[in-house]
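The values are calculated or read from the model by the stated rules, or taken from the named source; none is laboratory data. Small disclaimer: the values here were computed from a predicted structure and weren't measured. Cβ: placed from backbone, ideal geometry, glycine included. Neighbour counts: every protein chain shown. Heads up: the accessible areas ignore ligands, DNA and RNA and are worked out on the full protein's heavy atoms, side chains in. Shrake-Rupley method; radii C 1.70, N 1.55, O 1.52, S 1.80 Å.
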Amino acid sequence: MSLKTSEISFKARLHDEIHNDVMRKAVVMAQERIGANRQKMVDELGHWEEWREQAKQIREHILQNLDAYLYQLSEKVTQNGGNVYFANTAEDATDYIKKIAQQKQAKKVVKSKSMVTEEIGLNKVLEAEGIQVIESDLGEYILQLAGDKPSHIVVPAIHKDRHQIRKVLQDKLGYQGEATPEEMTLFIRGKIRQDFLEADIGISGCNFAVAETGSVCLVTNEGNLRLATTLPKTHIAVMGMDRLAPTFKEVDILITLLARSAVGARLTSYNTWLTGPRLVGETDGPEDFHLVIVDNGRSKALGGEFNDILRCIRCGACLNVCPAYRQIGGHSYGSIYPGPIGSVLSPILGGYEDFKDLPYACSLCTACNQVCPVKIPLASLLLKHRSKMVELGITPTLEKLSVKMFTLANNHPTLWKVGMNIGAKLSSKMIKNGKAPINIGAVSEWTKARDLPSSEGESFRNWFKNRT
Ligand code: SF4
C-alpha cells in the first residue's frame with residue numbers, strides 16, 4: 001500500500017461509503033466516545049490553551065531548526081551504535097529496508113503500527129521479495145487478514161464492527177468463538193505470539209525521535225511494539241523527517257497532548273524509549289538498529305505556505321470531530337491519510353493530480369482547528385489548496401465557467417439586475433413544492449433532503465427603491 005489507496009473516482013468512493021451503514025454507525029460511535037473522553041481529559045489537565053501554545057512553539061522551533069536537529073540526531077544514533085539512512089523518496093526508503101532484509105536473509109518481518117510505512121508502501125515491497133510481513137497491531141492485523149485498508153490514522157479498523165471482525169477471523173483463521181472483543185483479542189494474541197519469536201526483523205514507526213540522545217519514542221496501547229522491537233535481532237524504525245524533539249523535556253509536553261487528543265487518555269498504556277541496539281552486557285534488545293528518516297515530499301512544504309502542516313503529531317483528533325469524515329468515513333479520501341489532516345497533507349505529498357478533490361471534502365466548519373493540539377490552521381490550509389488549484393487552472397470546467405459568469409455579472413450592475421429579474425420570475429413560475437422542473441445532477445442531490453426555495457413577493461431592489 002502507498003499514499004494513494006484507490007483507483008476509483010472520488011465520487012464513486014463517496015457513493016459506496018455513504019451507503020455503508022455499518023461503517024457510518026461505527027464511526028459515529030467512536031467519534032462520540034473518543035470526543036467525550038478527550039474533553040474529560042482536557043478539562044482535568046487544565047490550562048489546555050497554554051499547553052497547546054507550548055506544543056505549537058516546540059514544533060515550530062523544530063521545523064525552523066530542522067537541519068541542525070536532524071544532524072544532531074543522526075550523530076547520536078551513530079554514536080549509540082545504530083545506523084541512519086536519509087531517504088529522499090518512498091523508493092529510497094523501501095530499497096534500503098529491502099537491502100537490509102536481503103543481507104539478513106529475512107523470511108519473516110513483524111511490524112508495529114506505522115503510518116509512514118503505509119505511506120511508502122513497505123509491505124508490498126517486502127512481500128514481493130518473498131518475505132512474510134505480519135502486522136502486529138490488533139486493528140492492522142485484522143485489516144491485513146481481510147485484505148482491507150486503514151480508515152483512520154490512530155484507529156485503523158474504526159470502520160468495522162465486532163461481527164464483521166468475527167467473520168474475518170472465522171473465514172481466515174477458523175475462529176469459532178463469540179464476537180466479543182476480549183475473546184477475539186485472546187485468539188489473535190495466541191496466533192501472533194509465535195510470529196514475534198520467529199521474526200528476523202522488527203519494524204516500527206517513530207512518534208518522536210529525541211535529537212539530544214538519539215532515542216526513538218513510541219507510544220502504543222497493546223504492548224505489541226515492545227515485542228516487535230526487542231525480540232527480533234534487527235530493529236528498523238521508520239520516521240517522517242519532521243518527527244523530532246530536541247530533548248525529553250519537549251517530548252514530555254508533546255506526549256501529554258498526544259494521548260489526550262488521540263484517544264482521550266491521560267497516557268497510552270506503553271511508552272517506550274529505545275536508544276540504539278543492545279550494548280555489551282545488556283540482556284535484551286536488537287543486535288542491529290537502523291533509523292530510516294523519510295522526506296518523501298515533506299521538504300516541499302518546509303518553510304513554504306504549507307509549513308504549518310509539518311507540526312502535525314498524528315493524533316487523529318481532527319478526524320474525530322470532522323462532520324465530513326463522520327458521513328463519508330476514511331476510505332472515501334483514497335489516501336492513507338484521511339480526514340482534515342489527510343486533505344491537507346495528501347496533495348502536498350502526492351500531488352493535485354491524485355488528490356485534487358480532498359481540499360473540497362470539507363464544510364470549513366473549523367472544528368478541526370479548535371481541537372488540533374499543535375494549533376494547525378487546517379481550514380485555512382484547505383482554502384490555500386483551493387486557491388492554489390485555481391491559480392494552476394486545475395479546477396473542474398463547470399466550476400470555472402460558473403465563477404466566470406458570476407464575476408461577469410458582479411462587474412456589470414445592469415447585467416446583474418436583468419439576470420436577477422429573469423431568475424426571480426422563472427423560479428416563482430417553475431419551482432413547485434420545493435422541487436425544480438428538471439430534477440437532475442446537483443439539483444436532484446440538493447432536493448433529496450431539502451426544498452429548493454422559489455422567489456416570492458417583491459425584490460429587495462424594488463423594496464429599497466420604494467423606501468428611499
Ligand atoms: S492535524 Fe492536528 S489534530 Fe489532526 S492529526 Fe495532526 S496534530 Fe492531530
- Pick from 345, 291, 302: which is touching a Cys at 6+ places or on another chain (Cβ under 8 Å) and over 22 Å from residue 150 (Cα atoms)? 291
- The helices (runs of 4 or more DSSP H) lying entirely within segment 320-422 that contain at least 3 residues which are without any contact (Cβ under 8 Å) to a residue 12 or more places away in the chain and within 27 Å of residue 308 (Cα to Cα) are 378-392
- In segment 279-338, the residues that are within 13 Å of the ligand (Cβ to nearest atom) and of a type in the set (Ser, Thr, Tyr): 325, 337
- Item | Whichever residue in segment 283-340 is more than 30 Å from residue 77 (Cα to Cα) and among the aliphatic types (A, V, I, L, M) and, among such residues, is most open to solvent (accessible area, probe 1.4 Å) | 321
- Message: Looking at segment 269-276, can you tell me whether even one residue there is at pLDDT below 95, more than 16 Å from the ligand (Cβ to nearest atom) and in contact with a Lys or Arg (Cβ under 8 Å, 6 or more places away or on another chain)?
- Response: yes
- Message: Conditions first: (1) farther than 23 Å from residue 15 by Cβ; (2) open to solvent by less than 70 Å² (accessible area, probe 1.4 Å); (3) touching a helix residue (DSSP H, G or I) at 6+ places or on another chain (Cβ under 6 Å). Residue 436 passes all but one, so which condition is the exception?
- Response: (1)
- On the given criteria, is residue 411 of a type in the set (S, T, N, Q) and open to solvent by less than 80 Å² (accessible area, probe 1.4 Å)? no
- Message: Which numbered condition in (1) open to solvent by less than 70 Å² (accessible area, probe 1.4 Å); (2) at pLDDT 80 or above is the only one that residue 444 fails?
- Response: (2)
- Query: So which residues in segment 348-362 are on the phi < 0 side of the Ramachandran plot and open to solvent by 10 Å² or more (accessible area, probe 1.4 Å), if there are any at all?
  - Reply: 348, 349, 350, 352, 353, 354, 356, 357, 360, 361, 362
- Going through segment 150-169 one residue at a time, which ones are crowded, with 20+ Cβ neighbours inside 10 Å and within 21 Å of the chain's Cα centre (by Cα)? 150, 151, 152, 153, 154, 155, 156, 157, 158, 159, 160
